[in-house]
Amino acid sequence: MKKTLVALFALAVLCSSLFAQGGTEAAASITLNKDKPLVFFNRQPSDPVSGEIDMASMNWNDSTYYVGFNAAGGGAVQGKLITDYLQAADASIDRNGDGIIGYVLCIGDVGHNDSKARTEGIRKALGTWNGSTDPTVVKEGSIEIAGKTYKVVELEGKAMTGTDGSTWNANAATEAMGGWVTKFGTQIDMVVSNNDGMAMGCLQASNYPAGVPIFGYDANADAIDAIGAGQLTGTVSQNVDAQATGTLQVLRNLLDGLTGADVYTKGITEPDQYGNKISAPVYYDAAVKGLFAENSGVNSDNWTQYTAGTRDAGIKQTTAPAKKVLLTIYNAGDNFLSSSYLPALNYYAPLLNIELTVVQGDGQNEASCLDKFTNLNNFDAYAINMVKTNSGADYLDKLKY
Ligand code: BGC
Ligand code: CA
């Protein structure tokens, strides 16, 4: 009799725990894809021409955010890095002695807010910015070097679109640089690039004029090494570690059920429940639902602080419940995303107990990315990096159900 009672009791306990489990599963599965956390990163949903932020995409649900970096501030940092360098130079910087500092510019992607901000920052610093949204329109600037005023002329600026249509293309930069040297010769006193991939591409040109200063952007590992080796003059760090942890931390917070300001402060500007916090400065802009990292200039004085493998010690292994995130990358061949961003994501995701599934596109057709944005029910949250900055609606359309 006693045995029967024990067995009945055990059965009851088992049934109730099975029921509870079933209940939890049922509760979890009723989170529709349209209500799941979503972070756009690196390519801010925006109009490629006007740069206006696509707030319809940003307001998709209460759990939609953007994570990037201070693009305008970064343009200014890059501009200052360049003018500081020029102002410390001597008269030999003017290679042909014509009183003009001539430079060429690798623009990257004319429809990308980061690219636009850098072009503007550089041109404003050099006085060649004429206020136009047309990337080809410039004016003559001026700068004082060793007590003498020089004119500054942008000899040519080029978007750098690959033969396959992809943007920020390093091979296109190698080719353009070769052409520029042939066309402008010693009129070129300086080369400026809106990213490191294209800057390193320029240095690959067989006729690159040795010793001509060249500036990039991103602080990719190979660019930092090139600064150490005296080939690259400077670059700007957009703090990829802060952005990668920011993207993951915002998702983590949303998945942990945090709301309001906790979503973009916990683990970011103040410790989260696991004791984690990003060390680098980041700020939140409510108007665009965006979290932004700050930039810093890198040159021969401080490059050793930016060598590969410097990870944020403020992020440690957590005991957070495991979650699955589907993350898209617009172009598997993008230097910054593949050599800086993705390794950072792969480092931090396991610490936050996030299992990432990464799908990558070809950088030219949205379909190359979008077609892999599938099996959406299998994921707890999404992180999106689009081919075209105005494609937000195409991704959201797939999350409707
Ligand atoms: C980076 C570029 C990169 C682009 C991709 C920018 O923030 O500086 O190097 O190609 O993002 O979206
Ligand atoms: Ca000159």
Check your understanding: For the charge dipole of the chain, defined by +1 on Lys and Arg C-beta atoms and -1 on Asp and Glu C-beta atoms about the Cα centroid, which residue among Gln364, Ile214, Gly185 has the Cα displaced farthest towards the positive pole?
Key -> Gln364
Review point. How much FRET efficiency would the formula 1/(1 + (r/R0)^6) give for Glu270 and Asp84, where r is the Cβ-Cβ distance and R0 is 30 Å, rounded to 0.05?
Key: 0.30
Check your understanding: For the range 156-257, what D do you get in µm² per second when you plug the Kirkwood radius from alpha-carbon pairs into Stokes-Einstein at 4 °C and 1.567 mPa s?
Key -> 87
Study note, to complete from the structure: Here Rg/Rh (Cα, Kirkwood) for the chain equals 1.09
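Taking the Cα centre of the range 148-208 as origin, sum charge times position over the Cβ atoms of Lys and Arg (+1) and Asp and Glu (-1), and report the length of that vector in debye to the nearest 20.
Magnitude of the dipole: close to 260 debye.
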Check your understanding: What does the charge dipole of the range 35-157 about its Cα centre add up to, to the nearest 20 debye, if the Cβ of each Lys and Arg holds +1 and the Cβ of each Asp and Glu holds -1?
Key -> 240
Study note, to complete from the structure: Computed for the chain: size of charge dipole around the Cα centre, +1 on C-beta of each Lys and Arg, -1 on C-beta of each Asp and Glu, debye to nearest 20, value 1120
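Can you give me the % of accessible surface on the chain that is carbon or sulfur? Probe 1.4 Å, all protein chains present, nothing else counted.
Solvent-exposed carbon and sulfur of the chain make up 54 percent of the total.
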Review point. What is the range 251-401 by shape, rounded, prolate or oblate, if you read a ≥ b ≥ c off the alpha carbon gyration tensor as root eigenvalues and call it rounded for a/c under 1.5, prolate for a/b larger than b/c, and oblate otherwise?
Key: oblate
Check your understanding: Which angle from 0 to 90°, rounded to the nearest 10, does the C-alpha axis of helix 170-184 make with the longest principal axis of the chain?
Key -> 10
Check your understanding: Looking at the chain, what % of its DSSP beta bridges pair antiparallel, to the nearest 5?
Key -> 30
Check your understanding: Given a 1.4 Å probe, how much area per residue of the chain is accessible, in Å²?
Key -> 43
Practice item. Provide Thr328, Thr182, Thr304 ordered by accessible surface of protein heavy atoms (probe 1.4 Å), highest first. Key: Thr182, Thr304, Thr328
Review point. Using a simple spin-label model with points 7 Å from Cα along the Cα→Cβ vector, what separation in nm is obtained for Asn377 and Asn302?
Key: 5.1
Practice item. Please identify every one of the trypsin sites (Lys or Arg not before Pro) in the range 271-377 that sits in a loop by DSSP and has no more than 12 other beta carbons within 10 Å of its own beta carbon. Key: Lys316
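The values are calculated or read from the model by the stated rules, or taken from the named source; none is laboratory data. Since we're looking at a predicted model, the values are computed, not measured. Glycine also receives a Cβ, built like all others from the backbone with ideal geometry; neighbour counts cover every protein chain displayed. The protein model used for the area step is the full one, side chains on, heavy atoms only, and it has no ligands, DNA or RNA in it. Shrake-Rupley method; radii C 1.70, N 1.55, O 1.52, S 1.80 Å.
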